[in-house]
1. Just reorder E2, E108 by solvent-accessible area, largest first, 1.4 Å probe, all chains present.
2. With every protein chain left in place, what is the accessible area of E23 in Å² (1.4 Å probe, nearest 10)?
3. At a 1.4 Å probe, what is the % contribution of carbon and sulfur to the accessible area of the range 34-171?
4. Apply 1/(1 + (r/R0)^6) to the Cβ-Cβ distance of S59 and D189, taking R0 = 51 Å, and write down the FRET efficiency to the nearest 0.05.
5. So, taking all protein chains as they sit and a 1.4 Å probe, how much accessible area belongs to H154, in Å² rounded to tens?
6. Sequence-distant or interchain residues sharing an amide H contact under 5 Å with L130, placed H: which?
7. Cα centroid distance between the range 123-144 and the range 1-25, in Å?
8. Show me 206-217, 161-172, 110-121 ranked by packing, highest mean number of other Cβ atoms within 10 Å first.
Amino acid sequence: MEQRVAEYQAAIRSTHAAFSALETVHAESSKRDGAGYSLIRGSETISEVLSASVAACRSELLTTQPGTSRPAELLARALESEIPRLRQGIKQRTIYQHKIRFDGPTMEYIDLITAVGGQVRTTSALFDRLIIIDRETAFIPVDDEREVSALQIHHPGIVRYLGKIFDHIWERAIDVGSVSAKHTPQISDTQRAILHHLVSGQTDEWIARRVGLSRRSIAEHVRKISEQLGSSSRAQLGYLIALNGVLWGAEGTTDPGSASLAAEQDTETDPLRTG
């Protein structure tokens with residue numbers, strides 16, 4: 001039985017080797033025959049191919065970076081290559097999600113990049129990783145495990161299409177500028193009043209009666225504020241409101257403690273409260 005298992009394992013290794021060789025031939029022939037893409041597997045291989053392609057960039061580099069932040073050491077390594085590239089006149093545009101505006105290391109990195117000509121914007125849209133080099137080559141992940149496999153695309157039509165998607169998101173994104181120019185949400189007096197009641201734990205129905213609007217209008221105001229702050233849930237919205245100072249410390253507003261007390265007093269004196 002052990003001998004038979006050893007024979008099977010040898011056969012498996014032989015089959016793996018054969019398919020590996022065939023995959024290499026297929027990738028080369030596909031590129032030569034105009035298939036328009038190459039499948040890259042393994043984190044080290046992806047990193048090597050991507051680094052070489054970016055190093056060969058001649059005029060423009062477009063990237064989208066989903067998620068909240070990147071490790072500080074990774075940002076430091078990125079600066080070593082990005083700053084010289086920007087000083088050479090290569091245009092670089094990057095799109096993040098709004099959440100990075102509250103990440104110190106990322107904002108410091110952005111400040112250094114924009115100081116030498118890089119452009120950075122943020123959006124509330126959800127997107128995946130995308131890298132486009134000179135509008136000729138693009139890299140996208142194959143699945144959620146971004147470090148396992150990726151596609152290197154060089155088909156002109158597909159790269160052109162991905163470039164248009166990037167431009168579409170870019171046009172609707174908000175410029176970051178520098179650390180001193182963080183995104184300040186535009187909150188109206190009505191929305192500020194809604195948020196005061198919301199963070200005090202009141203229901204949409206109660207808030208609607210209090211401010212004289214419909215429940216649908218309350219939900220729409222909350223949606224717009226969430227979009228500005230990059231929030232995907234009401235729990236996260238409360239955190240971002242506190243972090244961004246939307247309510248506390250603004251002229252004419254109170255601190256969280258007094259707001260809560262006021263809400264409690266309103267609750268006790270309002271006979272129509274049901275939530």
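The values are calculated or read from the model by the stated rules, or taken from the named source; none is laboratory data. Since the model is a prediction, treat every value here as computed from it, not as a measurement. As a convention, Cβ positions derive from the backbone with ideal geometry for all residues, glycine included, and neighbour counts pool all protein chains shown. All accessible areas refer to the heavy atoms of the entire protein, side chains included, with ligands and DNA or RNA removed. Shrake-Rupley method; radii C 1.70, N 1.55, O 1.52, S 1.80 Å.
1. E2, E108
2. About 80 Å², ignoring ligands and nucleic acids.
3. Percent of accessible area from carbon and sulfur atoms in the range 34-171: 51.
4. Calculated transfer efficiency: 0.60.
5. About 50 Å², rounded to the nearest 10.
6. Answer set, sorted by chain and number: T64.
7. 35
8. Ranking the peptides 206-217, 161-172, 110-121 by packing returns 110-121, 206-217, 161-172.
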